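The values are calculated or read from the model by the stated rules, or taken from the named source; none is laboratory data. Small disclaimer: the values here were computed from a predicted structure and weren't measured. A quick note on method: Cβ atoms are made from the backbone with ideal geometry, for glycine too, and the neighbour counts reach across all protein chains shown.
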Amino acid sequence: MIKDGYKFAAVPLFAGIFALILHWSWLGGGLIFLGLFVMFFFRDPDRTPPQDPDTIVSPADGRVMEIVEESLNGNPGRRISVFLSIFDVHVNRSPVAGHITAIEYRTGKFYAAMRGRASAENEQNAFHILTDRGEVVFKQIAGWVARRIVCWKSVGDSVIRGERVGMIRFGSRTDIWLPEGVEILIRPGQHVAGGTSVLARWK
């Protein structure tokens, strides 16, 4: 479990125990349930990426919402959007191996993460990763519930496929932009797991 989870879970757990001591069973039970759910939310399972170095893995757990044609800085490519519910693991992972050339944090709105405009208008943190095949960009995007993006990396860091790079607290969204010359292997509606599910493959 992510260490921050202990901090967030401690308050309702201790309050729940105190309420039970006072025989406030309904309140104590509710608070303990809330504390256990927070611990569940902050879980951080180990993941092993596929061995094939040509594969590009999902940066997050969740459901693929859309795959659209989109240019980035004049370069044609496609964007894959993944929606994370509160029941998904919220640790974000690098989809490729390479060097982080830029991390761009931007304030913004807090539209529901399932809405298409969230990609462009919500608060977000974008990782630019340079690989030996080209640049890949993925974004941590805050949603209506999520108001806290956490980044564990810095510009200049090297990352491997599937490596933990940050998390978004509570329901959110991640977008990954892939350049032309990449074969997309998933479709909207599929559920993916961060660090293990293959989204695409370098041709």
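Give the residue that is modelled with the highest pLDDT, with candidates limited to residues of region 73-99 that are in a strand (DSSP E or B) and surrounded by fewer than 16 Cβ atoms within 10 Å (Cβ to Cβ).
Out of the qualifying residues, it is HIS99.
Among the strands (runs of 3 or more DSSP E) contained in region 127-203, which hold 2 or more residues that are at negative phi and crowded, with 18+ Cβ neighbours inside 10 Å?
Of the strands (runs of 3 or more DSSP E) lying wholly inside region 127-203, those with at least 2 residues that are at negative phi and crowded, with 18+ Cβ neighbours inside 10 Å span 134-142, 164-168, 172-179, 198-202.
Could you list, in sequence order, all residues of region 6-51 that are within 18 Å of ASP61 (Cα to Cα) and not acidic (Asp, Glu)?
PHE37, VAL38, MET39, PHE40, PHE41, PHE42, ARG43, PRO45, ARG47, THR48, PRO49, PRO50
When you go through LEU36, LEU31 one by one, which is the residue that is surrounded by fewer than 18 Cβ atoms within 10 Å (Cβ to Cβ) and over 30 Å from GLU180 (Cβ atoms)?
LEU36
Would you confirm whether or not region 56-71 contains a residue that is among the aliphatic types (A, V, I, L, M), in a loop (DSSP other than H, G, I, E, B) and surrounded by 14 or more Cβ atoms within 10 Å (Cβ to Cβ)?
Looking through region 56-71, at least one residue is among the aliphatic types (A, V, I, L, M), in a loop (DSSP other than H, G, I, E, B) and surrounded by 14 or more Cβ atoms within 10 Å (Cβ to Cβ).
Can you name the number of the only condition in (1) within 20 Å of PRO49 (Cβ to Cβ); (2) touching a His at 6+ places or on another chain (Cβ under 7 Å) that ILE168 fails?
(1)
Return the total of residues in region 29-60 being of a type outside the set (A, V, I, L, M, F, W, C), modelled with pLDDT of 85 or more and more than 21 Å from the chain's Cα centre (by Cα).
Residues that pass the stated criteria total 6.
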